[in-house]
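First comes the structure, then the notes that go with it.
The values are calculated or read from the model by the stated rules, or taken from the named source; none is laboratory data. Nothing here was measured: the structure is a model prediction, and the numbers come from that model. When we count neighbours, we look across all protein chains shown, and the Cβ atoms used for this are built from the backbone with ideal geometry, even at glycine. Ligands, DNA and RNA are stripped out before the accessible areas are found, and what is left, the full protein with its side chains, is counted by its heavy atoms. Shrake-Rupley method; radii C 1.70, N 1.55, O 1.52, S 1.80 Å.
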Amino acid sequence: MKSTDSESLHDYPPEAYALLSESEKRHFWFQGRNMIIREVIRSSIRDNKGLSFLEIGCGTGYVLAELARMGFKVTGLDMHAEGLAYAKLRVPTATFFAGKLDEFRPKKLFDAAGMFDVLEHIPNDTSALVECAGLLKKNGMLYLTVPARSELWSVYDDISGHKRRYTKGSLKIVLERSGFRVKFIGYFGFFQYVPHLIMKRLLLKKSHVAKADTMGVLKRILWQPPGILNWLLEQSFTLDMFLSKFIELPFGTSLIVSARKAV
């Protein structure tokens, strides 16, 4: 939903940020993703008191707020002023920078960094990850979430400016090529895979209409299911985390990664 590369254009319509910010407050997907991110970070950083965390492509600040609640000293970077306006209201204690990743030159390196549904927007993902490595301290941690599986590609990916969807193998390769050692990589959205496949195939059939109605498609994607259904869908992420402790999930709608900067 955000972009950080100098070659990228405004992938996300500026007027969509108000819709996104409101949807994030209750929608099962944003709630569930934050839970997954939180658990993966906690499994690799036991004591985060006083540690600095840079979120690249922080958008409206929804994940950044969760990181601040976890105790990190947070910094948000985004090239879109529309998103940063919401982020500054959400996380008033954070430090913010408006600009592109390849132009960002902080005074100090960071203990950890995150890109949450950002990397898929960037034409040269290897170059972006090399830039990330340069912003981290020795043995610094990087956390990523990205959309998974090319068979789930739909007009929504086109509208959002996605350049690719990843598999575990393809994401691991680009991380290792960029100077990172993968500590954990896994799918989530396992129980939502089939519904997503059906829904996105239906959207593809209407792609000629959807491309002419960007906001209409975004409203359908960000539509919040009614109470109990929204809650049940949110709990499916909890099941993902529980199952992943015992088995390797074979597929899902997204991937999450923790990786350490290689010495």
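Worth a mention:
- Number of residues in the range 24-52 that are surrounded by fewer than 20 Cβ atoms within 10 Å (Cβ to Cβ) and β-branched (V, I, T): the value is 1.
- Selected residue (criterion: modelled with the lowest pLDDT) from residues of the range 11-25 that are part of a loop (DSSP other than H, G, I, E, B) and within 17 Å of the chain's Cα centre (by Cα): D11
- Any hit, the range 182-195, residues being of a type in the set (G, A, S) and at pLDDT below 90: no
- Among the residues of the range 30-52, the ones that are farther than 18 Å from K183 by Cα and of a type outside the set (K, R) come to 8 in all.
- The range 54-89, residues that are touching a residue at least 60 places away in the same chain (Cβ under 8 Å), under 23 Å from R105 (Cβ atoms) and not acidic (D, E): L54, I56, G57, L77, M79, H80, G83
- Answer residue from the range 136-165, given it is under 26 Å from S52 (Cα atoms) and of a type in the set (K, R) and is most open to solvent (accessible area, probe 1.4 Å) among those: K138
- Once the range 210-240 is narrowed to residues that are closer than 17 Å to N34 by Cβ and open to solvent by 40 Å² or more (accessible area, probe 1.4 Å), the residue that is modelled with the lowest pLDDT is Q224.
- Which numbered condition K168 misses (of (1) out of contact with any helix residue (DSSP H, G or I) (no Cβ under 7 Å at 6 or more places or on another chain); (2) at pLDDT 95 or above; (3) surrounded by fewer than 19 Cβ atoms within 10 Å (Cβ to Cβ)): (3)
- Residue in the range 134-151 that is among the β-branched types (V, I, T) and at pLDDT 95 or above present: yes
- Residue-level check: of (1) under 27 Å from V217 (Cα atoms); (2) under 16 Å from the mean Cα position of the chain (by Cα); (3) in a helix (DSSP H, G or I), D158 misses just (2).
- Qualifying positions in the range 26-57 - modelled with pLDDT of 90 or more, charged (D, E, K, R) and more than 20 Å from F191 (Cα to Cα): R42, E55
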